[in-house]
Amino acid sequence: AELKLGETGELEGKLTVTYTGLEASQRRVEKHHSDDAARKKFLEDEVREAIPITSDVELTNQPDWQSSSPSLVAEYSLKISGWVSAAGRRALLPVGLFSAPEKHLFDHADRVHPIYFEFPFQRADDLTIDLPLGWQITTVPPPQTLDAKAVTYLLESKNDKGTLHLNRVLNVDVMLLPPANYPNLRKIFQLVRTGDEQQVILQPGGTTASN
């Protein structure tokens, strides 16, 4: 995603989502008999469901649904209002922009049945956010790394000459786990959520002199 932050806390810009391997073929098979309007809504809804708050999503390209290519590419215009919140003279920007799928995963303390994933998968987010003129990045959270063998997680927030760069990778390399492994799996995803809830501290323009 290549986004710009507005003075009132909204994010707006371009988003490219690339599905590869089974992620691509699954969607092509599922929407094989759908028309263009249904496919468009399907892809837009997937993006909306990945963002924890309400967003305006518009598909801007024509993905190649008929190809046997290992990738399916969808391009969007994206606008998210209220992503940044005021905190006194500072502003807070959460790092987990596309973290909604994991937000309530494995919430329950107990599990009776085995845990099944359709297939091993990876979600990789690469975001750049340009700030309004005069704004500054005050603090970025420390990098988060989690290596639980079957599940790995990486989150990095960088100040790149005044542009915020966020990189998040979640890798799940497992398909079936017995209920006995559920407490450990639940703990792993609690750590993922904790990482996603970190915030970048920004200083809006015009506050430097008063500070």
**Message:** Beyond a 31 Å Cα-Cα separation, which of these cross-linked pairs lie in this structure: Lys31/Lys187; Lys158/Lys187; Lys31/Lys103; Lys4/Lys103; Lys40/Lys161; Lys14/Lys158?
**Reply:** Lys31/Lys187; Lys40/Lys161
**Fill in**
Quick calc, the range 1-94, dipole around Cα centre from Cβ unit charges on Lys, Arg (+) and Asp, Glu (-), nearest 20 debye, gives 240 debye
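Quick check on the chain: what does the Kirkwood estimate of hydrodynamic radius come out to from the alpha carbon pairs, in Å?
Result for the chain, one decimal place: 18.9 Å.
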**Asked** Hey, how many Å between the Cα centroid of the range 1-50 and the Cα centroid of the range 132-211?
**Response** 22 Å
**Asked** From the backbone phi of the range 3-15, what are the Karplus-calculated ³J(HN,Hα) couplings (6.51 cos²θ - 1.76 cosθ + 1.60, θ = phi - 60°) in whole Hz, Gly and Pro given as x?
**Response** 10, 10, 8, x, 4, 9, x, 8, 10, 8, x, 10, 10
**Taking the chain and dividing mean pair separation by its residue count, relative contact order in percent (alpha carbons under 8 Å, at least six apart)** = 24 percent
**Fill in**
Calc'd 3J(HN,Hα), the range 91-107, phi into Karplus 6.51 cos²θ - 1.76 cosθ + 1.60 (θ = phi - 60°), Hz, glycine/Pro = x, comes to 10, 10, 10, x, 7, x, 5, 10, 9, 4, x, 9, 4, 10, 6, 6, 5
**Item:** Mean shadow area of the range 108-204, taken as a quarter of the surface of its Cα convex hull (nm²)
**Value:** 7.2 nm²
**Item:** Alpha-carbon spread of the range 1-81, three principal axes, descending order, Å
**Value:** 43, 20, 20
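Let me know the charge dipole size of the chain about its Cα centre in debye, to the nearest 20, where only the beta-carbon of Lys, Arg (+1) and Asp, Glu (-1) is charged.
Numbers: 22 positive and 29 negative charges, 99 e Å.
Rounded to the nearest 20 debye, it is 480 debye.
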**Message:** Please list, ordered by chain and number, the residues whose modelled amide H lies under 5 Å from the amide H of Ala148; skip anything fewer than 5 residues away on the same chain.
**Reply:** Tyr153
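Read-outs: derived from the displayed coordinates by stated rules, not from any lab. As the structure is a prediction and not an experimental result, all values here were calculated from the model. When we count neighbours, we look across all protein chains shown, and the Cβ atoms used for this are built from the backbone with ideal geometry, even at glycine.
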